[in-house]
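What follows is one structure encoded as structure tokens, with my remarks underneath.
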Amino acid sequence: MKIHEYQAKEILRSFGVPVPESKIAFSVQEAEKAAAEIGLPVVVKAQIHAGGRGKGGGVKFAPTAQDVTRYANDILGMTLITHQTGPEGNLVKKVLIEAASNIDRELYAGIVMDRATSKVTFMVSTEGGMEIEKVAEETPEKILKVAVDTAVGLQAFQARQMAFALGLTGDAHKNGVKFLMALYKAYMGTDASIFEINPLVVTKEGYVIALDAKANFDDNALYRHKDITALRDLDEEEPLEIEAGRSGLNYIKLDGNIGCMVNGAGLAMGTMDIIKLTGGEPANFLDVGGGASAETVEKGFRIILSDGSVKAVLINIFGGIVRCDRVAKGVIEAIKNIETKVPIVVRLQGTNAEEGKKLLEESGMNIIAATELRDAAEKVVATLKTIKS
């Protein structure tokens, strides 16, 4: 689960991580009031679930009250397009009014779970304000990684090692060590999947502050954090993904035109891969689960077809726990109820596969049967070529 910058900073503040004074505003009037209470100069920052806001015109320095009014008016209600939003952009409904910092240096600090080592890992770099992916690609030597043994936690010597790597000295070094120790506590205390501070700034007075903050959380641990769950902003999420979650389905919208319905995350990933290998583009990831029922299949089918970009559907089911004849019934009922003309390729293997295939064949519907996965992918891609011609 993602949250906004202002929410991430409130969490960080509660764990003792230094952040600038700020207030959230949902209108120009609230922005003006917040700036007056904080004191000028301030920064007006769009709040959406995406990075690159500054480059898109969503972050403005406001030295005067007139600037606050002008920038808040410009940003609120704008459709902000960044490299993370896609070409459709995100509608800005709120802005953060934040005290301007007396910046001396911009650094980077992030903490994630490294899947390769199965350890919580810090990443720090002197290249603050840049995308860490770009730094990793162009100058990887400027990133220091420190793995943490969660049995004992982040040790002071590790925090000092990172502070030295960031070039911090004197009071800034001491403050940097405290910052990193507090950031680790925030990460572990909230079951976060990532905390990214970019930029992490050192002020001319020697303070170390989180000027920006990105936080994502492990969905599987949210039952332990009702306060964090309450921060969820459904306006920033894909509507079809929200609907799928309510139906107990794992769905992620993608940019292609071939809808995918699969049981099992691994099989779903493999299905998307082979669609691309055969020249197609998957429109979604959809895992209906190992125990999918006819009702679940129908719900999944409706969600797939709610995406107007879907021009064909590939259903790939391996009958282990789930029975293929049950899936076939769900597909048939879904087509009857939705009355779609989108071509559908179905591959059934496993428990009651023959019974499922027979049901599909006797349905009288325009369903293309496939036996092997590559065969299924080639057939669904071929249907798109037929549509275009």
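The values are calculated or read from the model by the stated rules, or taken from the named source; none is laboratory data. Note that the coordinates shown come from a computational prediction; the quantities given were computed from them, not determined experimentally. Because the Cβ atoms are built from the backbone with ideal geometry, glycine has one as well, and the counts that use them run over all protein chains shown.
Within the stretch 93-117, the residues that satisfy the criterion of being hydrophobic (A, V, I, L, M, F, W, C) and either loosely packed, with under 15 Cβ neighbours inside 10 Å or assigned to a strand (DSSP E or B) (or both) are Val95, Leu96, Ile97, Ala99, Ile103, Leu107, Ala109, Ile111, Val112, Met113, Ala116.
Just one of (1) assigned to a helix (DSSP H, G or I); (2) farther than 24 Å from Thr351 by Cβ; (3) in contact with a helix residue (DSSP H, G or I) (Cβ under 7 Å, 6 or more places away or on another chain); (4) not acidic (Asp, Glu) fails for Ile252. It is (1).
Just one of (1) under 35 Å from the mean Cα position of the chain (by Cα); (2) closer than 23 Å to Asp287 by Cβ; (3) of a type in the set (Val, Ile, Thr) fails for Thr351. It is (1). Hey, does the stretch 316-336 have a residue that's of a type in the set (S, T, N, Q) and free of Cβ contacts under 8 Å to residues at least 40 places away in the same chain? Checking the stretch 316-336: not a single residue is of a type in the set (S, T, N, Q) and free of Cβ contacts under 8 Å to residues at least 40 places away in the same chain. Checked against the criterion of being over 21 Å from Tyr207 (Cβ atoms) and in the same structural domain as Glu131 (by TED's automatic domain parsing), the candidates Ile11, Ile3, Ile48 yield just one match: Ile3. When the helices (runs of 4 or more DSSP H) confined to the stretch 2-92 are screened for residues that are more than 27 Å from Thr229 (Cα to Cα), those reaching at least 1 such residues are found at 28-38, 65-75.
Scanning the stretch 338-376 for residues that are closer than 14 Å to Ile274 by Cβ, in a loop (DSSP other than H, G, I, E, B) and basic (Lys, Arg) yields a total of 0. Of all residue pairs spaced 6 or more apart or on separate chains, those with beta-carbon atoms under 7 Å, a first member in the stretch 37-51 that is within 13 Å of Tyr6 (Cα to Cα) and a second member that is assigned to a helix (DSSP H, G or I) and modelled with pLDDT under 95 are Ile48/Glu236; His49/Glu236. With respect to Ile252, determine if the residue is outside the structural domain of Ala172 (by TED's automatic domain parsing), more than 14 Å from Lys2 (Cα to Cα), of a type outside the set (Asp, Glu) and in contact with a Lys or Arg (Cβ under 8 Å, 6 or more places away or on another chain). No: the conditions fail for Ile252. Any idea which residue in the stretch 356-378 is nearest to Asn257 (Cα to Cα), counting only those that are surrounded by fewer than 17 Cβ atoms within 10 Å (Cβ to Cβ) and more than 37 Å from the chain's Cα centre (by Cα)? Here the answer is Met365. Determine, yes or no, whether Thr229 is of a type in the set (S, T, N, Q), surrounded by 15 or more Cβ atoms within 10 Å (Cβ to Cβ) and in contact (Cβ under 8 Å) with a residue 40 or more places away in the chain. So Thr229 does not fit the description; no. The residues of the stretch 179-204 that are part of a loop (DSSP other than H, G, I, E, B) and either of a type in the set (Asp, Glu) or closer than 25 Å to Ala99 by Cα (or both), listed by number, are Asp191, Lys204. Only one of the listed residues (Glu133, Glu32, Glu127) is without any contact (Cβ under 8 Å) to a residue 60 or more places away in the chain, in the same structural domain as Asp191 (by TED's automatic domain parsing) and touching a Ser or Thr at 6+ places or on another chain (Cβ under 9 Å). That residue is Glu127. Of the residues examined, Lys379 is one that is within 27 Å of Lys276 (Cα to Cα), at pLDDT 90 or above and assigned by TED's automatic domain parsing to the domain that holds Val297. It is to be established whether one or more residues within the stretch 205-216 are at pLDDT 95 or above, part of a helix (DSSP H, G or I), assigned by TED's automatic domain parsing to the domain that holds Ala8 and more than 17 Å from Glu106 (Cβ to Cβ). Within the stretch 205-216, not a single residue is at pLDDT 95 or above, part of a helix (DSSP H, G or I), assigned by TED's automatic domain parsing to the domain that holds Ala8 and more than 17 Å from Glu106 (Cβ to Cβ).
Residue count for the stretch 264-298, restricted to those that are touching a Leu at 6+ places or on another chain (Cβ under 8 Å), surrounded by fewer than 22 Cβ atoms within 10 Å (Cβ to Cβ), closer than 22 Å to Arg246 by Cα and touching a residue at least 40 places away in the same chain (Cβ under 8 Å): 2.
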